[in-house]
Structure formats: structure tokens, C-alpha cells
Amino acid sequence: MKTNKLIAALLAGGLLATSQLSLAASLVLYNAQHPQTIKLLTDDFEKMSGIGVKIRSGEGPELSAQLLAEGKASPADVYFASNSPELMLLEGKQMLAKLPTATLSPIPARYSSPQGEWVGVMARENVLVFNNKLAAGAQMPASIMDLARPQWKGKLAIAPSDGDFLPLVSAVRALKGEPATLAWLKGLRDNAQTFDDNEGVVAAVNRGGVAVGIINNYYWTRLQVELGSKGMHSQLYHFGNADVGALINVSGAGILKTARNADAAHKFLAYLVSPRAQQLIAKSNITFEYPLLPSVAPAPQLKPFNQLNPPPLDMQKLGDDSQSAKLLRQAGLL
């Protein structure tokens, strides 16, 4: 579950209690991706490579705090993050190893580490979901910043304690500045119903409990698969004009400098960016995220990747989320 405790861990750098991990496996993976996605990929990797994978799953802020607290004593070989700022945090602490060009080069450089210390694997788009009866597409805001205006009071759903909300706050801060970001967050606080996670937001909008919600695109597609087309009473709205609301969130992987199984870790990252793994991501009907290998087309339910219109942000400018949780607390959203 995504809770305020995870954000508190990010802020405090605290250590959450975990079960002891055995190092008997050939590779120890700290995983913040959805468990179904990582099982799909690790099962295939084990089958083709003969390398076993021991998985410790959790939320991104929890696991990045865990790794910081463990330091050189961490049993982790690889960290597979749900959002790039979690990797940028570890990169800034000099905890990640340099990756070979052969691993980095298949993925466009703008979706990976500026220092070559982690590689982008998959992505999703920040969007609005709107209820067909309570809101019409023509009424959607030109910018996500507009959702802080009084006319959206009582019509909006957000999940500020969900780890996926942090990169959006970081993007607004990078493009608009801290004062404008804080004012925007206070406007959202006044206007929105809050939920624990994106699943709660998309479900509330779809059943008509609220008019619009801020989510990542794949949550709507997953609900569509679950309910069928007849059960869907909502649609997605994609921001245009390179608005900050059209942020592309990147999920990537890096190898810890302290990895005990570095050779296996490098083989796993090479696998993640291979056509085989990227095709699994695109065709799984589980993930509904965008593969980042340019030669692999996304699932047909998704808007084509080359038609998205994200803001001009690279991973360095987006940063490590360290200020985002503080701003959320200042705004009274956590």
C-alpha cells in the first residue's frame, strides 16, 4: 500500500523493518516496480540465463531509504526503481556503478542517467482521467496548473501520498519554481478529494464519485481490462503544448557499487533493455507501460509514444524528489 509512511521514510532517510534476505540466490533485486511486471521479467530472465533472482519488493521511497540506510552493508545487487528520482537520489550519493555503453546505448539517452549509472527500462505518461457524465473533454484544462483554480473545487481527485505523485511535483518545481509549486499544491489541497493511490483515483472517477483525477496512464488501461469496455464510464485526457502535466515518468534500473553478484547484475540489466524483454513489456497485458527501446511498439491500447508531448525535462533537471515531499507537507497534503 502507498501511504504517508513511505514519504516520511524518504524525508527522514529512515529504515523500515524488513525480513532478512538470503544471499543464496545468484542475484538480489530490490524492486519498486509492480510485482506482476517484475515476475514476468525475472521468470523469463531465469529461464534464459540460468541465473536465479531473489526479489525484495516495496514502494520506491521505502526502498531508496532502505538502500541509503544499509549503505555498504546492503545485500542488494540491483535496484529497479518505479520512478527516475529514486535512482537520481542514489546516483547523487555515489551508490551506483557505471554501466557499459552496450547496456546504455539501446535506450535514448534522455531517459537514462546523465552519468551513465542507471538505464531507463519503461515509462508512462501523466494524464487526467475524466468521467464521461461529469466532465467533457472540451472542458479539460489547458495546463495541469489550472487545476488549482477555484472552478475545480470539489471536482478533482489526487493521490498525494502515492509515490507516483512525487515526480510530478518535482517537474512543476523544476519548471515553475518552488513558490509557484507550493501555491499550486495549496490550490490542489483546497480543491481535491485525496486517495491513497492512483487505483483509488481512477476508480472514483470511473464510478462518478468525482469529475477528474490526476493519474499515470496505465492505471486507466488496467481498469479497462478488469471491467471491460461496458464498465468504463471515463476517458483519458492528454495535456498538450509540452505542459508539465504531460510528464513522462521513467522506470529504470541500476547496479549497486557494493553488488556481490556484479556479473549477474550486468547480465540482468542487459536483458531488461533487450528486444526480448522490451517485447514482453509491450505485449504482456499486465504492464501497459511504454517500452523504451525505440524499435518496440507499445501496447495498441496506448497512445503512440511518438505522439506524446512531454515537457522539456531531462533526468538531471527533474532531480531526486528530495524537496517534493517537503513541499507536499508544507501544503498540508501529507
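The values are calculated or read from the model by the stated rules, or taken from the named source; none is laboratory data. What you see is a predicted model; the values in this text were computed from it and never measured. Cβ placement follows ideal geometry from the backbone for every residue including glycine, while neighbour counts extend to all protein chains displayed. Heads up: the accessible areas ignore ligands, DNA and RNA and are worked out on the full protein's heavy atoms, side chains in. Shrake-Rupley method; radii C 1.70, N 1.55, O 1.52, S 1.80 Å.
Reported count of residues in the stretch 45-80, each being within 23 Å of A277 (Cα to Cα), of a type in the set (A, V, I, L, M) and modelled with pLDDT of 95 or more, is 5.
Just the residues that are out of contact with any strand residue (DSSP E or B) (no Cβ under 6 Å at 6 or more places or on another chain) and open to solvent by less than 10 Å² (accessible area, probe 1.4 Å), please, taken from the stretch 220-244. Matches in the stretch 220-244: T221, F239, V244. Being of a type in the set (A, V, I, L, M, F, W, C), out of contact with any Lys or Arg (no Cβ under 7 Å at 6 or more places or on another chain) and at positive phi: is that true of A183 here? Considered against the rule, which asks whether it is of a type in the set (A, V, I, L, M, F, W, C), out of contact with any Lys or Arg (no Cβ under 7 Å at 6 or more places or on another chain) and at positive phi, A183 comes out as no.
Here A253, A277, A264 are screened, and the one residue that is out of contact with any helix residue (DSSP H, G or I) (no Cβ under 7 Å at 6 or more places or on another chain) and either touching a residue at least 12 places away in the same chain (Cβ under 8 Å) or outside any strand (DSSP E or B) (or both) is A264.
Scanning the stretch 287-313 for residues that are surrounded by 17 or more Cβ atoms within 10 Å (Cβ to Cβ) and either in contact with a Leu (Cβ under 8 Å, 6 or more places away or on another chain) or part of a helix (DSSP H, G or I) (or both) gives T287, F288, Y290, P310, P311, L313.
For every residue, the table says whether it meets (1) under 30 Å from G332 (Cα atoms); (2) open to solvent by 20 Å² or more (accessible area, probe 1.4 Å); (3) of a type in the set (D, E); (4) modelled with pLDDT of 95 or more.
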residue	(1), (2), (3), (4)
I7	yes, no, no, no
H34	yes, yes, no, no
T37	no, no, no, no
D43	no, yes, yes, yes
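Does the stretch 30-47 contain any residue that is over 22 Å from S284 (Cβ atoms) and over 15 Å from the mean Cα position of the chain (by Cα)? No, the conditions are met nowhere in the stretch 30-47. Taking the stretch 130-161 as the range and being in a helix (DSSP H, G or I) and either of a type in the set (A, V, I, L, M, F, W, C) or free of Cβ contacts under 8 Å to residues at least 60 places away in the same chain (or both) as the test, the residues that pass are A138, Q139, I144, M145, D146, L147, A148, P150, Q151, W152.
Among residues of the stretch 188-208 being within 16 Å of the chain's Cα centre (by Cα) and among the acidic types (D, E), the one that is least open to solvent (accessible area, probe 1.4 Å) is D197. Is the stretch 209-218 home to any residue that is crowded, with 20+ Cβ neighbours inside 10 Å, under 24 Å from A109 (Cα atoms), touching a residue at least 40 places away in the same chain (Cβ under 8 Å) and aromatic (F, W, Y)? So far as the stretch 209-218 goes, yes, one or more of its residues are crowded, with 20+ Cβ neighbours inside 10 Å, under 24 Å from A109 (Cα atoms), touching a residue at least 40 places away in the same chain (Cβ under 8 Å) and aromatic (F, W, Y).
Here's the yes/no breakdown for (1) closer than 25 Å to G319 by Cβ; (2) open to solvent by 10 Å² or more (accessible area, probe 1.4 Å):
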{"site": "L67", "(1), (2)": "yes, no"}
{"site": "A81", "(1), (2)": "yes, no"}
{"site": "L90", "(1), (2)": "yes, no"}
{"site": "R110", "(1), (2)": "yes, yes"}
{"site": "K133", "(1), (2)": "no, yes"}
{"site": "G137", "(1), (2)": "no, yes"}
{"site": "P160", "(1), (2)": "yes, no"}
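For the stretch 169-183, the set of residues classified as closer than 23 Å to K155 by Cβ and surrounded by fewer than 23 Cβ atoms within 10 Å (Cβ to Cβ) consists of K176, A180, L182, A183, listed by residue number.
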